[in-house]
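Sharing a structure below in structure tokens format, with a few things to ask.
The values are calculated or read from the model by the stated rules, or taken from the named source; none is laboratory data. Source: prediction; values computed, not measured. Here Cβ is always computed from backbone atoms with ideal geometry, including for glycine, and neighbour counts include all displayed protein chains. When the accessible area is computed, the model is the full protein with side chains, heavy atoms only, and any ligands, DNA or RNA have been set aside. Shrake-Rupley method; radii C 1.70, N 1.55, O 1.52, S 1.80 Å.
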Amino acid sequence: MADVRFEQISKAYGNNPPTIENLNLHIRDGEFMVLVGPSGCGKSTTLRIVAGLEDATSGKLFIGDRVVNEVAPKDRDIAMVFQNYALYPHMNVRENMAFGLKLRKFEKAEIDDRVAEAADLLEITSYLERKPKELSGGQRQRVALGRAIVRKPTVFLFDEPLSNLDAKLRVQMRSEIKKLHMRLGTTMIYVTHDQVEAMTMGDRITVMNDGIVHQVDTPVELYQHPVDTFVAGFIGSPGMNFIEAEPTATDPAVLVEGGLTISISPEQRKLLDGFTNSNLTLGLRPEHILTSPDQCAQPVRVTMRHEVSEILGNEMYLYLSTGNTRVTGRSSSVQHFELGAQIDVYFDMAQAHFFDSATGRRLTPKLQVH
């Protein structure tokens, strides 16, 4: 096993803006690190640089204590699992899993032992004589995992491996990959654009956008203490609500679009010292905009127009508006609201976040970024 370190890694294609810019990141030995962000943010390019499929324009990449910028992919002791399974259709499962070891001139007994061990771990022993066309999508992905496992690499790389699976199978495979990591204890770097995958799988998550790392933290910290509006809006489903606001000069309150006055605590008012203009953004997650004050630690009643509801069985999301402000709230019970009706909801201001609208950075008690 080994850690992976990026030191001032940048990647640019020709005269275009950098795809990755000055990336500094330390992935610990044995850690499951998820790289997440929208399409084009640079996460897959980052993974391909680790794999040796792309060359960094500048900076150093370490795998363990070794700088690997000039090391060939086959000599980096990594294994990669792709979005498409890339199995040889004319080979059975056993042959697909063993093929890489045969190329490396392993003894037949060693190959057989490694294939049997990986097949048992992935519960695909009964499929070893089948061809890929005889397998389901989930089974094919297990074979692709097995082909990587038999290598016994120091680092596993996953490039959106579940994107081609249906929703139910994705949930199952998320659990399988996480259990695999717990059993093997090997460093794993996992790329996805799906923040639910990131939140449920990662020991830590690196949130990227436009080639820049915005925050690296545990799933809980990312959710509860996002460093800026990008992270707050990207992490969570639905994402955080953002409302443009303006602190009042005296009373502990903020004014939001539509003439609403939202009471805040004295501690929150101190946080907003210096924000006297309309450069403040109030952030609330949907679970903190509720239909009952009983679930709120610091409820503020707001009357809003009901636009539409999404019923999820045991709960529902409400899409609400007032003036040009639109938010998503949550009800823990299924209720009926007429479309267009004015309804009372409660902002739990104890859970509110405040951001500098100009920079997007979240405010902390000392007016520093988190």
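Looking only at residues in segment 154-168 that are crowded, with 16+ Cβ neighbours inside 10 Å and more than 17 Å from the chain's Cα centre (by Cα), which one is farthest from G137 (Cα to Cα)? Even if it seems obvious, please write down each step before you answer.
Initial filter on segment 154-168 (crowded, with 16+ Cβ neighbours inside 10 Å): 154-162, 165.
From what's left, more than 17 Å from the chain's Cα centre (by Cα): 154-156, 165.
Working: T154: 27, V155: 24, F156: 21, L165: 6 Å.
Of everything passing the filter in segment 154-168, T154 is farthest from G137 (Cα to Cα).
Let me ask something additional. Which residues, counting only those in segment 47-86, are open to solvent by 30 Å² or more (accessible area, probe 1.4 Å), β-branched (V, I, T) and touching a Ser or Thr at 6+ places or on another chain (Cβ under 8 Å)?
Across segment 47-86, the qualifying residue is only T57.
Only one residue in V196, V227 is closer than 18 Å to D159 by Cβ and aliphatic (A, V, I, L, M), so which one is that?
Values: V227 fails: closer than 18 Å to D159 by Cβ.
The conditions single out V196.
Then there's this: Of all residues being touching a Gly at 6+ places or on another chain (Cβ under 8 Å) and modelled with pLDDT of 90 or more in segment 170-194, which is surrounded by the most Cβ atoms within 10 Å (Cβ to Cβ)? Just the residue, please. It would help to see each step written out before you state the result.
Of segment 170-194, the ones touching a Gly at 6+ places or on another chain (Cβ under 8 Å) are 172-173, 185-187, 190, 193.
Imposing the further condition that a residue be modelled with pLDDT of 90 or more reduces the set to 185-187, 190, 193.
Values: G185: 11, T186: 21, T187: 25, Y190: 28, H193: 18.
Residue satisfying both the conditions and the ranking: Y190.
While we're looking at this one, here's another question. If you go through segment 61-68 one residue at a time, do you hit one that is part of a strand (DSSP E or B) and among the aromatic types (F, W, Y)?
If we filter segment 61-68 for residues that are part of a strand (DSSP E or B), which is where we start, we get 61-63, 66-67.
With the extra rule that they be among the aromatic types (F, W, Y), the set shrinks to 62.
Yes, some residue in segment 61-68 is part of a strand (DSSP E or B) and among the aromatic types (F, W, Y).
Which pairs turn up if I take residues in segment 170-191 that are closer than 17 Å to Q83 by Cβ and look for partners that are basic (K, R) with beta carbon separation below 7 Å, at least 6 apart in sequence or on another chain?
Listed by first residue and then by second, the contacts come to V191/K43.
Can I ask one more? Among residues belonging to segment 1-20 that are of a type in the set (S, T, N, Q) and at pLDDT 95 or above, point out the one that is most open to solvent (accessible area, probe 1.4 Å). Steps first, please.
So the first thing to find is which residues in segment 1-20 are of a type in the set (S, T, N, Q), and the list is 8, 10, 15-16, 19.
From what is left, the residues that are at pLDDT 95 or above are 8, 10.
Working: Q8: 92, S10: 17 Å².
Once the filter is applied, the top-ranked residue is Q8.
Regarding V191, is this residue in a strand (DSSP E or B) and among the hydrophobic types (A, V, I, L, M, F, W, C)? Let's see the steps before the verdict.
Working: in a strand (DSSP E or B): yes; among the hydrophobic types (A, V, I, L, M, F, W, C): yes.
Yes.
Identify all residues within segment 38-70 that are among the acidic types (D, E) and either within 19 Å of F158 (Cβ to Cβ) or out of contact with any helix residue (DSSP H, G or I) (no Cβ under 8 Å at 6 or more places or on another chain) (or both); write none if there are none.
Step one: of segment 38-70, the residues among the acidic types (D, E) are 54-55, 65, 70.
Selection gives E54, D65, E70.
Report every pair of residues separated by at least 6 positions or lying on different chains whose Cβ atoms are under 7 Å apart, first residue within segment 47-60 and touching a residue at least 24 places away in the same chain (Cβ under 8 Å) and closer than 22 Å to G37 by Cα, second open to solvent by less than 50 Å² (accessible area, probe 1.4 Å) and in a helix (DSSP H, G or I).
Qualifying pairs under 7 Å: E54/T45; A56/I49.
Keeping to segment 327-370, report how many residues are polar (S, T, N, Q), open to solvent by 20 Å² or more (accessible area, probe 1.4 Å) and not in a loop (DSSP other than H, G, I, E, B).
The number of residues fulfilling the criteria is 2.
Still on this model: In segment 136-152, how many residues are at pLDDT 90 or above, open to solvent by 10 Å² or more (accessible area, probe 1.4 Å) and of a type outside the set (K, R)?
Selection size over segment 136-152: 1.
Still on this structure, I have one more. Go through L320, L282, L290, L312 for me and flag whichever is under 25 Å from T359 (Cα atoms), within 29 Å of the chain's Cα centre (by Cα) and not small (G, A, S).
On the way: L320 fails: under 25 Å from T359 (Cα atoms); L290 fails: under 25 Å from T359 (Cα atoms); L312 fails: under 25 Å from T359 (Cα atoms).
Of L320, L282, L290, L312, the one residue that is under 25 Å from T359 (Cα atoms), within 29 Å of the chain's Cα centre (by Cα) and not small (G, A, S) is L282.
How many residues are touching a His at 6+ places or on another chain (Cβ under 7 Å) and open to solvent by 10 Å² or more (accessible area, probe 1.4 Å) if we restrict to segment 21-46?
2
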